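Before any comments, here is the structure.
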Amino acid sequence: MASVSFQDVYKVYPNGYSAIKKLCLDIQDGEFLVFVGPSGCGKSTALRMLAGLEDISAGKLLIGDRVVNDQTPQERNIAMVFQNYALYPHMTVRQNLEFPLRMIKLSPKQRQARIAEAAEKLGLAQLLDRKPKQLSGGQRQRVAMGRAIVRDPAVFLMDEPLSNLDAKMRSQIRTEIAELQDRMGTTTVYVTHDQVEAMTMGDRVAVMRGGELQQLATPQDLYDSPANVFVAGFIGSPAMNIFPTQLRKTALGLLMLDVGDQRLAIDPAAISRYSTLANYLDQPLLAGLRPEAFSVADANPPPDSCLQVEVKALEALGHEMIIYAQAPVGMIQAEEAAGAESDLNTSTLVARLAANRNIHAHTPLALAVDVSKLYLFTTDYQAIG
Amino acid sequence: MQDSNIQLNRTDHSQSEPVIIRQRRKWLGAIASYLLLTVLALLFVAPIVFMIIGSLKPDSLVLTEAGTFKAFLPGQISFQNYRDVFERVDFARFFFNSLFITSMIVLAGLLVNSLAGYAFARLRWRGRSGVLLLVIALMIIPFEAIAVPLFFQVTLLGWRNTYIAQILPFVANAFSIYLFYTFFIDLPKELEEAARVDGASTLRTFFEIIVPVAKPVFATVAILTFLTQWGSFLWPLMVTLDEQVRPLPVAISSFQTLPPIQWGDIMSFGVMMVAPILIVFLLFQKWFVEGVASTGTKG
């Protein structure tokens with residue numbers, strides 16, 4: 001086991017493309033850290049640099065207290081699980097597990113003991129004499145895990161290891177990996193684009209975008225206190241509704257939040273966590289409301305406590321329903337915050353409501369808003385402190 | 001009511017006609033294509049059948065029946081021609097020479113060309129694309145164009161009338177390198193990366209991971225090289241002086257220059273020369289087809 005430290009690490013390809021920009025990140029000994037982000041954000045590159053499969057253009061990479069920039073993958077004592085498993089197709093499961101042990105020159109007796117131990121942990125004992133093509137996707141995934149754990153490495157690296165599995169198997173193996181890591185206590189770095197994997201598996205999650213680390217925090221902190229609009233929009237499904245607004249103080253001293261031509265009364269106590277809010281009154285801002293912040297309004301709601309919308313479409317999921325409504329104001333997508341063009345409809349407000357048979361498409365609806373769940377950002381997409 | 005019935009019947013009748021015509025056309029098309037394929041197959045097989053039948057006939061009948069249909073009928077079977085070959089020349093010597101030269105070219109070629117193909121496909125080195133382009137360009141240069149300069153080179157080195165003169169110039173082969181290159185470039189990189197992470201060196205990765213996965217392309221290159229080299233005639237004729245190092249194709253030509261010309265003997269020599277090729281092809285046929293499919297090579 002070992003800690004891992006990225007110290008001002010850069011990755012610049014010969015064509016000038018910067019895949020990683022000034023990555024600073026410390027991973028504790030025994031921690032399960034997940035890199036998450038959209039395609040091309042640099043998460044896999046960071047992992048491959050840690051594996052020794054990509055050169056480091058600048059900065060230092062430490063495993064334990066060793067600088068490993070110039071070390072081969074073998075010298076780094078890491079093990080990796082690849083997205084397509086990369087099992088050796090001509091070898092049996094036993095031979096696949098044995099290969100890394102032969103490379104470190106263990107005696108045949110030690111090798112067989114290690115293989116038996118790994119097979120026991122992962123339920124592979126019955127499959128040892130089969131070849132990869134005779135295994136199901138889930139079994140192949142387990143063999144790939146087995147090949148990683150059999151060496152007892154200092155760090156496990158996993159590059160989207162569940163992306164080739166169906167939803168049910170993914171959920172099952174997700175739990176198995178988390179349990180295995182917990183049992184073995186080996187430092188693990190896991191890459192995924194799936195935020196559910198990131199949130200459920202990681203002790204901490206590093207959100208990446210355009211080669212830069214956006215936020216490093218526990219899953220709950222990412223959800224509760226996103227550092228910027230990108231993280232706010234990326235974490236949580238369906239994504240947070242983010243829209244331009246202004247926070248104004250009325251003559252009576254009440255706080256009002258503009259939502260297009262509608263407004264919401266804000267209880268100052270509900271947003272007391274924003275200590276610098278006074279500086280942003282009457283200034284252009286971005287506001288965020290998660291779909292969970294909405295509920296169906298009572299028959300006679302207090303004034304300025306709900307939004308009047310028209311339901312465009314709905315997805316009934318049994319225990320709850322997702323409402324897609326015409327928003328009173330243009331929405332901002334996380335992709336826009338990342339500087340990318342978004343082709344999503346930006347005038348849709350998404351709400352997650354308790355199942356309700358009285359809600360139908362193309363009908364008006366009053367949505368009550370829990371303003372204690374309001375997020376505020378500056379117009380340059382950073383969270384207000 | 002009656003009118004509409006009549007209308008309906010007419011419509012049914014007009015719809016059923018094209019179906020029959022279509023079916024008939026389909027059958028005719030199938031018959032025509034099978035006929036064409038059969039004729040082509042007969043054309044390709046005829047010389048081989050002629051050679052095998054001719055080798056079993058008394059020498060006098062081979063030429064006299066050559067222009068008739070009887071050339072393809074065994075008649076009275078005799079192995080005299082085969083006995084004659086062994087009496088007239090040292091067939092075993094020629095056979096050994098051919099087998100040794102071809103096997104050495106195939107084995108050394110597999111090693112050298114696969115490593116070269118791998119270096120082009122996977123290793124990053126200065127000038128790689130330029131050299132690859134050169135290798136591809138070399139494929140279009142016919143051997144005859146370089147035969148004379150090569151002959152001078154071999155003479156200068158004192159290699160005339162040796163095995164090495166017949167082996168070394170043919171080990172590295174641009175076409176084989178290209179075949180290996182196209183196969184390796186399509187292999188998933190993760191296999192090699194997994195081996196690197198597991199602690200294998202580049203060479204060990206190549207021999208323990210890549211070679212077993214690349215069996216089809218190895219078989220393809222082996223067969224293609226074997227076929228080309230087994231029938232090689234011009235170069236051995238240029239660099240060999242006596243029977244000690246001469247391969248089969250040069251030996252068979254001596255039957256046509258040494259009187260009396262015995263066509264039966266030539267046929268039986270031909271049969272014994274072609275047999276190993278057929279055996280090699282049949283042994284590796286499955287891999288060969290796989291290899292051709294995976295490398296996108298034709299023939």
Seminar exercise, completed: Expressed per residue, the solvent accessible area of the protein assembly as shown in Å² (1.4 Å probe) is about 51 Å²
For this session: Could you quote the convex hull projected area for the protein assembly as shown, Cα atoms only and averaged over all directions, in nm²?
Result: 53.0 nm²
Problem set entry | Nearest 10 degrees, 0 to 90: helix A:108-122 Cα axis against chain A principal axis | 30 degrees
Exercise. Who wins for biggest fluctuation among A:L277, A:L213, A:L257 in a Gaussian network model of chain A, springs between alpha carbons below 10 Å?
Worked result: A:L277
Exercise. What FRET efficiency, computed as 1/(1 + (r/R0)^6) with R0 = 30 Å and r the Cβ-Cβ distance, is obtained for A:K373 and A:S275, rounded to the nearest 0.05?
Worked result: 0.95
Problem set entry | Within the accessible area of region B:111-211 (1.4 Å probe), percent carbon and sulfur | 69 percent
For this session: Taking the Cβ of B:G199 as the centre, find all other residues whose Cβ is under 11 Å away and add up their charges (Lys, Arg: +1; Asp, Glu: -1).
Result: +4
Exercise. Mind checking the angle between helix A:137-149 and chain A's longest principal axis? C-alpha axes, 0 to 90 degrees, to the nearest 10.
Worked result: 70 degrees
Exercise. What share of all Cα pairs of chain B, in percent, falls into each consecutive 10 Å distance bin?
Worked result: 5, 19, 23, 20, 14, 9, 5, 3, 2, 0, 0
For this session: Between beta-carbons, use under 13 Å as the cut-off and find the net charge around B:M267, counting Lys and Arg +1, Asp and Glu -1.
Result: -3
Exercise. Amide H to amide H, which residues 5 or more places from A:F35 or on other chains are under 5 Å from it, using H placed in the peptide plane?
Worked result: A:Y190, A:V191, A:T192, A:A206
For this session: May I ask you to find the residues of region A:76-100 that are shielded by at least 30 Å² of accessible area once the whole protein assembly is considered instead of their isolated chain (probe 1.4 Å)?
Result: A:F82, A:N84, A:A86, A:Y88, A:P89, A:H90, A:F99
Seminar exercise, completed: Under 5 Å from the placed amide H of A:I266, counting only residues 5+ away or on other chains, we find A:L255, A:M256, A:L257
Problem set entry | Residues listed by number, region B:115-137, amide nitrogen under 17 Å from B:K189 label point at 7 Å toward C-beta | B:118-126, B:128-129
Exercise. What fraction of the DSSP beta bridges in the protein assembly as shown is antiparallel, stated in percent and rounded to the nearest 5?
Worked result: 75 percent
Problem set entry | Subset of A:K21/A:K168; A:K43/A:K131; A:K11/A:K131; A:K133/B:K189; A:K168/A:K312; A:K11/A:K133 violating a 26 Å alpha-carbon distance limit | A:K21/A:K168; A:K43/A:K131; A:K11/A:K131; A:K168/A:K312; A:K11/A:K133
Exercise. Hey, what do the phi angles of region A:65-77 turn into as Karplus ³J(HN,Hα) couplings, whole Hz, using 6.51/-1.76/1.60 and θ = phi - 60°, x for Gly and Pro?
Worked result: 9, 9, 7, 10, 2, 9, 8, 6, x, 5, 5, 7, 6
Exercise. If you wrap a convex hull around the Cα atoms of region A:67-214, how much volume per residue is inside, in Å³?
Worked result: 131 Å³
Exercise. Expressed as a fraction of 2.2 N^0.38 Å, the rule-of-thumb size for a compact globular protein of N residues, what is the C-alpha radius of gyration of region A:169-212?
Worked result: 1.22
Exercise. For A:T218, what is the net charge nearby, where nearby means another residue's Cβ is under 12 Å from its Cβ and Lys, Arg count +1, Asp, Glu -1?
Worked result: -3
For this session: Could you tell me how many degrees, from 0 to 90 and to the nearest 10, lie between the Cα long axis of helix A:93-103 and the main elongation axis, the longest principal axis, of the Cα atoms of chain A?
Result: 70 degrees
Problem set entry | Candidate lysines - alpha carbon under 19 Å from B:K70, same-chain residues fewer than 8 apart omitted | B:K57
For this session: Two decimals is fine: what is log10 I(q)/I(0) at q = 0.10, 0.14, 0.21 Å⁻¹ for region A:250-385, from a Debye sum with one equal scatterer on every Cα and no solvent?
Result: -0.36, -0.70, -1.39
Problem set entry | Using θ = phi - 60° and Karplus 6.51 cos²θ - 1.76 cosθ + 1.60, couplings along region A:167-183 (whole Hz; Gly, Pro as x) | 4, 5, 5, 4, 5, 5, 5, 4, 5, 4, 5, 4, 5, 4, 5, 5, 5
Seminar exercise, completed: Interface B-A: total buried accessible area (1.4 Å probe, Å², nearest 100) of 1600 Å²
Exercise. Considering every pair of different Cα atoms, what Kirkwood radius, in Å, is found for chain A?
Worked result: 23.3 Å
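The values are calculated or read from the model by the stated rules, or taken from the named source; none is laboratory data. On a predicted model such as this, the values are computed, not experimentally measured, just so you know. Glycine also receives a Cβ, built like all others from the backbone with ideal geometry; neighbour counts cover every protein chain displayed. Accessible surface is based on the protein model in full, side chains and every heavy atom, while ligands, DNA and RNA are left aside. Shrake-Rupley method; radii C 1.70, N 1.55, O 1.52, S 1.80 Å.
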